[in-house]
Amino acid sequence: MSTRHFERLGPQLARSNLPAAVLVLALAGAVLALLQYFGLRRDLIDNADAQARIVALNSAAAVMFDDRVVAQEMLDALSASATVHSARLENATGQVLATYTTVAPDADADAQACELQCARVAAPIEYAGQHLGTVVLHVSLQRVYSRLFAFAGAFLLAALVALALSLPLLARMRARMRSAEARLEYLAHHDAVTGQRNRNAFNATLQRVHSSRTREPHALLQLDMDRFKEINDTLGHFGGDELLRQVGVRLRSAIRDSDTLFRLGGDEFAVLMRPVVSAAVAETVAQRILVQFTAPFSVAGQELHVTASIGVSLYPLDSPVFLDLPGNADAAMYEAKRHGRNRVAFFDPQLREAMAERLRLQTDLRRALEHDELSLHYQAQVDTCTGALTGIEALLRWEHPTLGAISPATFVPVAEESGLIVPIGRWVIGEACRQFAAWRQEGFDGVCIAVNLSVRQTRDEQLPAFIDAVLDTHAMPPGCLELEITESVLMEQTDLAIALLTRLRARGLRLAIDDFGTGYSSMAYLQRLPIDTLKIDMAFVREIPGDGEAITTAILAMAHQLGLGVVAEGVETQAQHDFLREAGCEQIQGYRIARPLPPEAFLLRWGARAQA
């Protein structure tokens, strides 16, 4: 049964309440009247039967001796009974000896049936076991009907009184039902948190417009708040809901009166615009929405700076099918996120192809994890002055069975979006520890192996326990494993990151900040982190000699003041190597030293040095 049928059911039930109540009362009255009738009739017949037996007992001698005078006297005594209509006394052969009637005698009275007006009662006349005759009484049912009519009248009066008293209750019930229906209708199509229309209303609106076959230009703006999950995790669901309420109010104030705002779920909103004379109109509204996020939000006594990414799709410009709008706008929104967030992106047909490609890549990546298509290559970290091996970084590689080698820059973002990065990240940790444990048997002492943690892995509450199990399995000291977390991840979710790092550091693991220098960390911020090493981002190393020298020198000075080790990534030239050595950078990593190598090649290249 559809929702529309349920919506019509309530009023129908309300309208049928009064007739139904009347019908129920009528049926109840009829049943009670029948019970009353049979009860009164039974009592009357039982009383008449007792009278007939008394007459039969006293008439035995009269019948035996055929004494009609005495027989008549026996029947005349029934005149004291108000219910006996007529009577007769007959012998064993059926000859009537005496009769009694309350009305004028009728020759055919004995032949007439009582039907509904009276009841016939007969009692045998016996003596010494011999049947002498029969006493037949006809009792009137008029008293039964009189009492029955009185009962029916009383019941009808009581029913009318009860019905009159129930009418206000029925009216109140109808009002409450209408109110409940209105509330259910509202809840079915509105979001309980923001008060805006919800996904049900969104889908219904799209279907209605699609069914109308309109060609009027529309635009769909799909909006997603950037990094809302971190805010929700920090402030809790009540704080997150309050933020969503405030966002809904600001969005409502930014759009036109003719536009419709929806909350689709989570931190995702949509605005259906009509009419839209040009893409510039949609652009203007989208930019007005972004402006609403420039001022901070006040939640639980805290000021929150929140940004949003908006995807825009136009109908019928982007697609002649109206129902394609959500998918197109969603693709454009993720394009805005990929290009730095806090911006507007319009749908382009190439985005649909890119979405299909990402979906295929996600499917293939899932299969790759199941069929051991992933592998690790290892890149050396060396002492800047001596060239001795000081550490190893494990780097993920994927050899696709038909596409060949796929760059991590291509498949890692897909793994992040799909959530596959969590099982893949666990596989990387397990495989890196297994390989390093084997190398330790070959003499790789005094070094550690580094593994990168993704954004999603930093939210994995089971990660510390998983790492404990891996280290136990391979009998590997915690200090031999270094976990690298990018600076951008730490800046996005500071409190959660610090909590996770503290738990990991307490287990004796080494911790490093990867790509340092791109997240604007301060010395005060770094002092809060339980870390061992900073890894200077290769973007600064690449600018050596040149502008990168000043930034690299400042990072080195800050790290040394905090007692942290430093690794420079992406070292490719002798000039870079020389500068870093002179600047006091302890370790370097990059093509100048060695490219990432598969396990066998890495062992051949660095095994002898490790043993030395």
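The dipole here belongs to the chain: it is taken about the Cα centre, uses +1 on the Cβ of Lys and Arg and -1 on the Cβ of Asp and Glu, and is about 1620 debye. The simple Förster model, with R0 at 51 Å and r as the Cβ-Cβ distance, assigns His237 and Gln561 a FRET efficiency of 0.80.
Say R0 is 35 Å: what FRET efficiency, to the nearest 0.05, do Thr260 and Thr363 get from their beta-carbon distance?
Working: r = 35 Å, r/R0 = 1.01.
With R0 = 35 Å, the Cβ-Cβ based efficiency is 0.50.
Using a 1.4 angstrom probe on heavy atoms only, work out the carbon and sulfur share of the accessible area of region 166-281 in %. Percent of accessible area from carbon and sulfur atoms in region 166-281: 56. Between Val69 and Arg595, the modelled label-to-label distance comes to 15.1 nm, taking each label 7 Å out from Cα in the direction of the beta carbon.
Protein heavy-atom surface of region 545-612, 1.4 angstrom probe: 53% of the accessible area is carbon and sulfur, with nucleic acids and ligands not counted. Label separation (Thr307 vs Ser81): 10.8 nm, computed from points 7 Å beyond Cα along the C-beta direction.
Rounded to the nearest 10 square angstrom, Val31 shows an accessible area of 80 square angstrom against a 1.4 Å probe.
If you count only protein heavy atoms with a 1.4 Å probe, what accessible area per residue comes out for the chain, rounded to a whole Å²?
Averaged over the residues of the chain, the accessible area is 51 Å².
Only Cα pairs under 8 Å and 6+ residues apart enter the sum, and on that basis the relative contact order of the chain stands at 8 percent.
Apolar share of the accessible surface for region 299-448: 52 percent from carbon plus sulfur atoms, 1.4 Å probe. Within the set (1) 25.9, 83; (2) 24.4, 77; (3) 48.7, 157, the number that Rg and Dmax of the Cα atoms in Å takes when calculated for this structure is listed as (3).
A straight line joining the Cα centroids of region 543-580 and region 126-183 runs 103 Å. The order of Val470, Val22, Val69 by accessible area, most exposed first and with a 1.4 Å probe, is Val69, Val22, Val470.
Considering only Val422, Ala469, Ala345, the residue lying farthest towards the positive end of the dipole of region 337-469 is Ala345, judged by Cα position with unit charges set on Cβ. Derived scalar couplings between HN and Hα for region 311-318 equal x, 10, 10, 10, 10, x, 5, 7 Hz in order, rounded to whole Hz, by the Karplus curve 6.51 cos²θ - 1.76 cosθ + 1.60 (θ = phi - 60°), x for Gly and Pro.
Solvent-accessible area of Glu600, all protein chains in place: 130 Å² (probe radius 1.4 Å, heavy atoms, ligands and nucleic acids excluded).
Round to the nearest 0.05 the FRET efficiency obtained for Gln117 and Ala158 when R0 = 22 Å and r is the Cβ-Cβ distance. Here the calculated transfer efficiency is 0.15.
The values are calculated or read from the model by the stated rules, or taken from the named source; none is laboratory data. Owing to the predicted nature of the structure, the values given are computational and were not obtained by experimental measurement. Positions of Cβ are backbone-derived with ideal geometry, glycine not excepted, and every protein chain shown enters the neighbour counts. Heavy atoms of the whole protein, side chains included, go into the accessibility calculation; ligands, DNA and RNA do not. Shrake-Rupley method; radii C 1.70, N 1.55, O 1.52, S 1.80 Å.
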